[in-house]
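What follows is one structure encoded as C-alpha cells, with my remarks underneath.
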Amino acid sequence: MAESWSFLDTPEPNFKPLVVIELAKGTNEETIKWFNKRIVDKKANGGAQLLVKPVVTENGDENIYLVGASHLRLLLGAETVGLVKECHDNSMRTFTYSSRKTFKDFADDNHNFLTTAECQYIIKHELENLRAKDEKMIPGYPQAKLYPGKSIVRRLLTSGILVQIFPLHDREELKKLSHSWYGKVKVRYQPLDEIRCYFGETIALYFGFLEYFTFALIPMAVIGIPYYVFAWEDYDKYVMFATFNLLWSTVILEVWKRICAVVTYHWGTLLMKRQFEEPRPGFHGVLGVNPITGREEPVYSSIKRQIRIYLVSLPFVCLCLYFSLYVMMIYFDLEQWALDYHEENETNFSSLMLFVPSIIYAVVIEIMNRIYRYAAEFLTSWENHRLESSYQNHLILKVLVFNFLNCFASLFYIAFVLFDMKLLRQSLATLLITSQILNQFVESLLPYWLQKRYNKRMKKRMCSLKTDMDLSLVEQVNLEKEMGTYFGTFDDYLELFLQFGYVSLFSCVYPLAAVFAVLNNVTEMYSDALKMCRVYKRPFAEPTANIGVWQLAFETMSVISVVTNCILIGMSPQVNALFPDSKMNLVLTVALVEHLLLAIKFIMAFIIPDKPREIQIKLDKLEFESLEALKQQ
C-alpha cells in the first residue's frame with residue numbers, strides 16, 4: 001500500500017470536480033495557501049494528495065474551491081476506507097488495489113467502477129483525516145490552536161474559517177435519476193440501486209424502508225376498511241383485527257431485518273468493518289492523550305458530562321413533558337367548550353366546530369415538536385459528547401420521549417381516563433391527518449417553492465458574471481452553496497415512527513389509520529425524492545448496514561401496542577358483559593391474553609432469523625477464509 005502512493009506523482013489531465021469547499025469571506029491569504037498546500041501535498045508529507053481548483057465568485061473573491069482526485073487516487077482511497085465490491089466469483093470482498101483485477105467491472109480505463117457517491121465519500125474521508133503535524137495554530141489565526149494529530153478540517157469548521165464542505169451534484173446523473181425516480185407518477189418499485197449509487201447507502205436504505213413499510217401497511221388497510229364500514233361500534237369483532245395487527249407488527253419488523261441484510265450485502269456495507277470513531281467537531285476539553293490511539297486530543301471529564309445530563313438536561317426534559325401535558329389539558333377544555341356549544345346550537349357550523357380543537361391541538365403539537373427539537377440539539381451539544389454516535393443516541397432518546405408523549409398522551413388520556421371511544425376515534429383521525437398534511441407542506445412544498453424563487457434570482461445575477469471558467473459550473477456552484485442542508489434521515493424516520501404509533505397503538509378503535517398512512521406514504525415517496533434532488537444540497541454518502549436505533553424504536557412501539565390494544569378490548573361493553581359478576585376475572589383474563597400475545601411476539605422474533613440462510617453462509621465463508629489467511633501468516 002505504501003509503495004502505491006508513488007504512482008500518484010503523474011498529474012491528472014482531466015479534472016472532474018466532486019466536492020466544494022467554501023471558506024469564509026476575507027479569509028487570510030496565508031491560511032488559504034497553507035490549506036490548499038495540505039490538500040494537494042503528497043501523503044508522505046501529511047497531505048491528502050487531491051486536486052484543487054478555485055472558483056471565481058460574483059465579487060471576484062476566491063473563497064470557493066472545487067476538489068477532485070485522479071482515478072488512481074480514488075482507487076487507493078477506496079482501499080483505505082474499506083469499500084466492499086463484488087468479485088468475478090460473485091462474492092463480496094474488501095477492495096484492495098493489488099487485487100483490483102479480481103473485481104467485477106474493473107478496468108484501468110473504467111472510471112465508473114466507483115460510484116460518484118463513493119468517490120465523494122473517499123474525498124470527504126481524506127479531507128477529514130488531514131491532521132496537524134508540527135503546527136501550533138492555523139496560519140494567520142493565532143487563536144485557532146492546533147496540536148499534533150488534530151483534524152485540520154474540524155478545527156477550521158469550529159473556528160468559522162471553513163463555512164461548509166458539500167458534494168457537487170452531477171447534472172447528467174441527477175437528470176437520469178430524477179426521471180426514473182419521480183419523473184412519472186405510476187405504481188412501481190423505487191430505483192434503490194440508482195439512489196444508492198448517487199446518494200449513498202443511508203438515504204437509499206431510508207427510501208427502501210419507506211417503500212417496504214408502505215407495502216406492509218396495505219394488508220392492514222384492506223382489512224381495516226370493512227371493519228370500519230360494517231363493524232363500527234361492535235368492539236368484540238375488533239379482537240381478531242387487533243390480534244392480526246399485533247402479529248403483523250412483529251412479522252414486518254423481522255422480515256425487514258432479512259430484506260435489509262440481503263440489500264446491504266449486495267451493496268457491500270454489511271461486510272464493511274466499523275472504523276475507529278474520531279471525536280466529533282463540537283467536542284472540546286483540555287488537551288490530553290487518547291489511551292487507545294496515543295494521539296493528543298481534547299479530554300473532558302465523564303463526571304462533568306453526567307452532571308450536565310442528570311442535573312440540567314433531565315430536569316429540562318421533564319419540564320417540557322409537564323408543559324406538554326399542561327397544553328393537553330387546555331385542549332380538553334377546548335373540546336368540552338366545543339361540545340357544549342354544539343349541544344346548545346346543533347347546527348352544521350357547530351358540528352364543524354367539534355373538529356376545531358383537535359386541528360388546533362395537532363398544529364400546536366407540530367410546533368412544540370420542532371421547538372423542542374432545537375432545544376434538544378442545543379442541550380445534547382452542550383453535554384459535550386466525544387463521539388458522534390453518542391451524541392446521536394442521546395439526541396434521539398430526548399426527541400423520541402418528548403414526541404411520544406406530545407403526540408400520544410392525549411389519546412391515552414381519552415382512552416384510559418375519560419373512557420370516551422368516540423372522542424378517541426375523532427382525535428386519532430384528526431391528529432393523524434393534520435400531522436401528515438403539515439409535514440408534507442413544511443418538509444417539501446415550502447422549501448421547494450423557496451428554492452425555486454432563489455434559483456430564478458441567482459440565474460439573473462449569474463448572466464452578468466464574466467469569468468473564464470465554464471459559466472454553467474460557476475452557476476451550479478453558486479446555486480448549490482445556497483441550498484438548504486439535508487441533516488440526515490432523523491426527521492424522516494421520526495415521522496414514520498409516529499405514524500406507526502398511530503396505526504398500531506389504537507388499531508381496534510380506528511381501522512382506517514392504515515389507509516391514511518398508505519396514502520400519505522405514497523405521496524411522501526415522491527415529495528422526499530423531489531426534496532433530495534431539487535431542494536437540498538447533495539449530502540455525503542454514509543455507508544450503513546441497517547436502520548440503526550430506529551429498529552429498536554419500532555420494536556418497542558409494537559410491544560406497547562400489545563398492551564394498549566388488549567386494554568381497549570377489555571374495556572369494550574361486549575367483553576365486559578362476559579364478566580358481569582367479577583371485574584377481577586376480567587382484569588386477569590386481559591392480562592393473560594396480553595402476556596400470551598407478548599410471548600407469541602417474542603417467540604416469532606426469535607424463530608425468524610435476522611439474515612437469510614444464504615447470506616449467513618456467505619458471511620461465515622468469508623470469516624472462515626479470513627481466519628485461514630491469518631493462520632498462514
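Summary of computed values
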| read-out | value |
| --- | --- |
| Filter result for residue 86 (in a loop (DSSP other than H, G, I, E, B), touching a strand residue (DSSP E or B) at 6+ places or on another chain (Cβ under 8 Å) and open to solvent by 60 Å² or more (accessible area, probe 1.4 Å)) | no |
| In the stretch 105-115, the residues that are open to solvent by 40 Å² or more (accessible area, probe 1.4 Å) and either at pLDDT 90 or above or touching a helix residue (DSSP H, G or I) at 6+ places or on another chain (Cβ under 7 Å) (or both) | 111 |
| Condition broken by residue 79, with the remaining ones in (1) open to solvent by less than 30 Å² (accessible area, probe 1.4 Å); (2) in contact with a Phe, Trp or Tyr (Cβ under 7 Å, 6 or more places away or on another chain) satisfied | (1) |
| Residue in the stretch 175-184 that is in contact (Cβ under 8 Å) with a residue 24 or more places away in the chain and either among the charged types (D, E, K, R) or outside any helix (DSSP H, G or I) (or both) present | no |
| Evaluation of residue 147 against (1) in contact (Cβ under 8 Å) with a residue 24 or more places away in the chain; (2) part of a loop (DSSP other than H, G, I, E, B); (3) within 30 Å of residue 194 (Cβ to Cβ) (one fails), failing number | (3) |
| Count of residues meeting criterion [touching a residue at least 24 places away in the same chain (Cβ under 8 Å) and open to solvent by less than 60 Å² (accessible area, probe 1.4 Å)] in the stretch 350-385 | 21 |
| Within the stretch 330-349, tally of residues that are among the hydroxyl-bearing types (Ser, Thr, Tyr) and either open to solvent by 80 Å² or more (accessible area, probe 1.4 Å) or in contact (Cβ under 8 Å) with a residue 12 or more places away in the chain (or both) | 2 |
| Matching entry among 582, 572, 504, 561 (being at pLDDT below 90, in contact with a Phe, Trp or Tyr (Cβ under 7 Å, 6 or more places away or on another chain) and more than 30 Å from residue 17 (Cα to Cα)) | 572 |
| Conditions (1) open to solvent by 10 Å² or more (accessible area, probe 1.4 Å); (2) in a loop (DSSP other than H, G, I, E, B): number failed by residue 507 | (1) |
| Residue check, residue 120 under 25 Å from residue 43 (Cα atoms) and outside any strand (DSSP E or B) | yes |
| Number of the condition not met by residue 118 [criteria: (1) closer than 25 Å to residue 84 by Cβ; (2) out of contact with any Asp or Glu (no Cβ under 9 Å at 6 or more places or on another chain); (3) open to solvent by 40 Å² or more (accessible area, probe 1.4 Å); (4) in contact (Cβ under 8 Å) with a residue 60 or more places away in the chain] | (3) |
| Matching option when the condition is open to solvent by less than 10 Å² (accessible area, probe 1.4 Å) and at pLDDT 90 or above, among 123, 32 | 123 |
| Among residues of the stretch 593-616, those that are open to solvent by less than 90 Å² (accessible area, probe 1.4 Å) and within 16 Å of residue 260 (Cα to Cα), counted | 8 |
| One residue from 152, 161 being closer than 13 Å to residue 23 by Cα and touching a residue at least 12 places away in the same chain (Cβ under 8 Å) | 161 |
| Within the stretch 528-548, tally of residues that are of a type outside the set (Val, Ile, Thr), outside any helix (DSSP H, G or I) and surrounded by 21 or more Cβ atoms within 10 Å (Cβ to Cβ) | 3 |
| Test result for residue 390, open to solvent by less than 60 Å² (accessible area, probe 1.4 Å), modelled with pLDDT under 90 and farther than 20 Å from residue 502 by Cβ | yes |
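The values are calculated or read from the model by the stated rules, or taken from the named source; none is laboratory data. No experiment lies behind these values; they were computed from the predicted model shown. Because the Cβ atoms are built from the backbone with ideal geometry, glycine has one as well, and the counts that use them run over all protein chains shown. With ligands, DNA and RNA removed, areas are computed over all heavy atoms of the protein, side chains included. Shrake-Rupley method; radii C 1.70, N 1.55, O 1.52, S 1.80 Å.
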